[in-house]
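Since the structure comes first, as structure tokens, the remarks are kept for the end.
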Amino acid sequence: MTTYAMPDEKGHFGIYGGRFVPETLMQAVLELGQAYDDAKNDESFQADLTYLLKEYVGRETPLYFAENLTKHANGAKIYLKREDLNHTGAHKINNTVGQALLAVRMGKKKIVAETGAGQHGVATATVCALLNLECVIFMGEEDIKRQQLNVFRMELLGAKVVSVTSGSRTLKDACNEALRYWVSNVTDTHYILGSVMGPHPFPMMVRDFQSVIGKETKQQYNEKFGKNPEAIIACIGGGSNSMGMFYPFVEDSEVKLIGVEAAGHGIDTEQHAASLTKGKPGVLHGALMYLLQDDAGQIQEAHSISAGLDYPGVGPEHSYLKDIGRVQYESITDSEALDALKLLCRLEGIIPALESAHAVAYALKHAQTMSQNESIVVCLSGRGDKDVQTIQANMKEALE
Amino acid sequence: MNRIEKAFHSLKEKNGKAFVPYLMAGDGGLDQLLEQLIFLESCGATAIEIGIPFSDPVADGPAIQEAGIRSLQLGTTLKGVLSAIQTIRPIVSTPLILMTYMNPIYAYGIGSFIHDAVKAGIDGCIIPDLPIEEEELIASHLQDANIELIRLVTLTSPIERIEEIAKKGRGFLYAVTVTGITGARTEFNTSVAEYLKNIKSVSPIPVLAGFGISTPEQVVELGSYCDGVVVGSKIVQFFHEKKLNEIEHLIAASKTADVS
Ligand SMILES: Cc1ncc(COP(=O)(O)O)c(C=O)c1O
């Protein structure tokens, strides 16, 4: 691939993306686009961001050679980009730090956000505490049950967590409510969207903030080996850790990029979250993208054991990268992810997030198809502390 | 001339104010639609908005959300609504406007949707998640089919933008009267009068106020600043509670509105 310059001025990635929002939000979305363009080219903004990423978030994160896992897989070398070691335990904070700084720059005093697993909610509540911003988080009732610990964390950090009881009571519905809240409070509130979704400029801006993952990886790997890794693998919910990981490599056609969706109980069942594998293009939450939907265009409920992947859509840029064939999209079931999670615990002493375990699971399969001289980098997007209850419940169920 | 244009034409001759009720198609069963339309027509509706239920209606408050869920549970689809309208169209002469989010249209296929909408005798379309930035997806196709794309302006749209939207406007301009989602409000911001008058001064087409209007007094007051009103959540609620006389009252209020 030669040069890659997406999105266009109106936020389109091919046919995908755009700004499909109610007119009440258009002014805010246009202003945000302008403010982000200004900030991107402003050295002092970039310096503030770099400072916080280093001193507060704890970047850079290690690129760790998982030797035991590699031996076990008996194929390509497996490296882990340790986003789980960030402050708050996942990649989500790379984005929230950037957006919160932007909100301050725009003079907004209040923040609204949606959350699925609670990782984005915690990362948002954290930066709001740091920068003295009022914070409201919408979270599906179902996810609140699955992620009690994160709900408490957000509250401890001073955020107000609002339980969403509409629809499937998960991430999709939390997005609806956050958007409704934003429509009603748009003059003084910034919406910190948690993934590469929503109306332009969000997919581009979140990708840019998350690209620190891929940039560091590229530099770390090249410093050691003087070249790029052969393959990169990341899990896909909305698509932010993967987009941040892939973007700096998109033009490097020798690097195979693989995104891993949640297959839930299996992609041939009704219970999965594999929007790219099984969905069709459509419009939701401000963008045209691949969606799980019925023939009449009603959005279907997604399923995954991991709350962070439980979303029926996927960012517009991934939709585009699928269509042009630059990224390969695969899927991993709940039970495969759980097995990979346990393996990583035992072999490396790392408890990954269930989301990230999907990427690890696919890497184990893929490594076997590659030679021992080749390398895979897996984006270990988060740590699994938040998931131990789910995992425990699941193991008990399996025993019964 | 499109039926919407005609309706506003004759309203102007009578110096009257418009009243456009919104109902949720399929709430209570799609077999109710004919009766509901005939009833609204007999009350003197200028045009009728027919809402298509959607799983994720981000511009709507609880009343319309719940009506949408009830309707979806009964299996309502855009296709089903269009074919129902096609059958009853010869009996109803009031302009009919579809209010639908973009995705049901996108899933239908834009070409097939317009084909079937023409066959059904649809006069206009309101798509709340389609700002002018994205309308090229469908606007010219609708225009070719003589279906008016009704645009919205809001309290957060700067006046230059309102002017731009008004110039593109077809049928009437839908002026959203709250910074928020649909649903009854007890009062409106004092700047709404100013806002509506400003829109009137730049719009070449009629301006209707909508979102939050729920009492006969509000129908009269907000109607006095522009060419009439759209009432949604309250009509949906009254249909659901079978309080048809309340609907009659609301529409009757528009007939007494101060003619400026
Ligand atoms: C640890 C972790 N990884 C991945 C995701 C999925 O989101 P995305 O695809 O935007 O990276 C989440 C979402 O909550 C998460 O918490």
- Only Lys, Arg (+1) and Asp, Glu (-1) charged, at Cβ; the protein assembly as shown dipole about Cα centre in debye: 280
- Message: How much length would be gained if the chain were fully extended between A:Ser44 and A:Glu374, taking 0.36 nm per residue of separation minus their Cα-Cα distance, in nm to one decimal?
- Response: 114.8 nm
- All-pairs alpha carbon distance profile, the stretch B:187-231, 10 Å steps from 0, percent: 30, 59, 11
- Two-site label geometry, B:Glu35 and A:Asp339: point separation in nm, points 7 Å out along Cα→Cβ: 5.8
- Could you order B:Glu35, A:Glu67 by accessible surface area, starting with the largest, using a probe radius of 1.4 Å? B:Glu35, A:Glu67
- For the stretch A:56-110, what is one quarter of the convex hull surface built on the Cα atoms, given in nm²? 4.9
- Item | A:Val388, A:Val377, reordered so the largest accessible area comes first (probe 1.4 Å) | A:Val388, A:Val377
- Message: For B:Lys242, give me every one of the lysines with a C-alpha distance below 28 angstrom, ignoring sequence neighbours fewer than eight places off in its own chain.
- Response: B:Lys17, B:Lys79, B:Lys234, B:Lys255
- ³J(HN,Hα) across the stretch A:89-106 via Karplus (A = 6.51, B = -1.76, C = 1.60, θ = phi - 60°), whole Hz, x for Gly/Pro? x, 7, 5, 3, 5, 4, 7, 5, 4, x, 5, 5, 4, 5, 4, 4, 4, 7
- chain A: Cys lacking any partner C-beta under 4.7 angstrom: A:Cys175, A:Cys235, A:Cys345, A:Cys379
- Message: Using a Cα-Cα cut-off of under 13 Å, which aspartates and glutamates could be cross-linked to A:Lys227, ignoring same-chain neighbours fewer than 8 residues away?
- Response: A:Asp252, A:Glu254, A:Glu374
- Message: Taking 2.2 N^0.38 Å as the expected size of a compact globular protein, what ratio does the Cα radius of gyration of the stretch B:2-46 give against it, to two decimals?
- Response: 1.35
- Query: Give or take rounding to whole Å, what are the principal axis extents of the alpha carbon atoms in the stretch A:103-233, in descending order?
  - Reply: 50, 35, 28
- Query: Which length gain, in nm to one decimal place, applies between A:Lys109 and A:Leu347 when the Cα-Cα distance is subtracted from 0.36 nm times their residue separation?
  - Reply: 81.1 nm
- Message: Counting pairwise Cα distances across the stretch A:181-266, what percent come out greater than 16 angstrom?
- Response: 60
- Express in nm, to one decimal, how much length is gained between B:Glu194 and B:Glu136 on full extension, taking 0.36 nm for each residue of separation and deducting their alpha carbon distance. 17.8 nm
- Task: Please list the radius of gyration and Dmax for the stretch B:85-147, considering alpha-carbon atoms only, with Å as the unit.
- Result: 11.7, 37
- Return the tail of the calculated pair distribution for the stretch A:133-206, meaning the percent of Cα-Cα pairs more than 14 Å apart. 63
- Task: Let me have the relative contact order for chain B, percent, based on Cα pairs under 8 Å that are six or more residues apart.
- Result: 21
- Message: Taking 25 Å as R0, compute the FRET efficiency from the Cβ-Cβ separation of B:Glu241 and A:Thr165 and round it to 0.05.
- Response: 0.65
- Task: Would you tally the net charge around A:Arg82, using a Cβ to Cβ cut-off of less than 12 Å, leaving A:Arg82 out, and scoring K and R as +1, D and E as -1?
- Result: -2
- Query: Quick one: ranking A:Tyr311, A:Tyr362, A:Tyr247 by accessible area, 1.4 Å probe, largest first, what do you get?
  - Reply: A:Tyr247, A:Tyr362, A:Tyr311
- Placed amide H near A:Val161: partners under 5 Å, 5+ positions off or other chain: A:Ile137
- Query: In whole angstrom, and with the biggest value first, how far do the Cα coordinates of the stretch B:108-260 range along each principal axis?
  - Reply: 42, 40, 27
- Note on the structure: Using alpha carbon centers only, the stretch A:258-319 is separated from the stretch A:336-382 by a whole-angstrom value of 22
- Message: I'd like the GluC sites (Glu not before Pro) in the stretch B:173-227 restricted to DSSP loop residues with at most 12 other Cβ atoms within 10 Å, sorted by number.
- Response: B:Glu187
- Query: Which of the residue pairs A:Lys172/A:Lys280; A:Lys110/A:Lys215; A:Lys10/A:Lys109; A:Lys81/A:Lys145; A:Lys81/A:Lys160 have a Cα-Cα distance greater than 20 Å in the structure shown?
  - Reply: A:Lys110/A:Lys215; A:Lys10/A:Lys109; A:Lys81/A:Lys145; A:Lys81/A:Lys160
- What accessible surface, in Å², does a 1.4 Å probe find on A:Asp268, ignoring ligands, DNA and RNA and rounding to the nearest 10? 140
- Note on the structure: FRET efficiency for B:Ser112 and A:Glu270 from the Cβ-Cβ distance with R0 = 35 Å, rounded to 0.05, comes out at 0.85
- Residue-wise HN-Hα coupling along the stretch A:270-275, computed from phi with Karplus coefficients 6.51, -1.76, 1.60 (Hz; x: Gly, Pro): 8, 10, 8, 10, 8, 5
- Query: Which FRET efficiency, nearest 0.05, do A:Lys280 and B:His249 yield, Cβ-Cβ r, R0 60 Å?
  - Reply: 0.85
- Task: Calculate I(q)/I(0) for chain B by the Debye formula, one identical point scatterer on each C-alpha and no solvent, and give its log10 at q = 0.10, 0.12 Å⁻¹ to two decimals.
- Result: -0.43, -0.64
- Rounded to the nearest 10 Å², the accessible area of B:Leu23 at probe 1.4 Å: 0
- Work out, in µm²/s and without decimals, the Stokes-Einstein translational diffusion coefficient of the stretch A:1-134 at 10 °C, 1.306 mPa s, Rh from Kirkwood over C-alpha pairs. 90
- Query: What are the lysines whose alpha-carbon lies under 18 Å from the alpha-carbon of B:Lys168, with same-chain residues fewer than 8 places away excluded?
  - Reply: B:Lys200
- Query: For chain A, what is the per residue volume of the convex hull drawn over the alpha-carbon atoms, in cubic angstrom?
  - Reply: 132
- Rounded to a whole number, the Stokes-Einstein D of the stretch A:246-400 in µm²/s (Kirkwood radius over Cα pairs; 20 °C; 1.002 mPa s) is 130
- Given the stretch A:47-174, what percent of its DSSP beta bridges are antiparallel, to the nearest 5? 20
- Heavy-atom accessible area of A:Cys128, protein chains in place, probe 1.4 angstrom, given in Å² to nearest 10, is 0
- Using Cα centres only, tell me the gap between the stretch B:131-157 and the stretch A:150-177 in whole Å. 34
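The values are calculated or read from the model by the stated rules, or taken from the named source; none is laboratory data. Given the structure is predicted, the values throughout are model-derived calculations rather than measurements. We place every Cβ from the backbone using ideal geometry, glycine too, and count neighbours over all the protein chains shown. When the accessible area is computed, the model is the full protein with side chains, heavy atoms only, and any ligands, DNA or RNA have been set aside. Shrake-Rupley method; radii C 1.70, N 1.55, O 1.52, S 1.80 Å.
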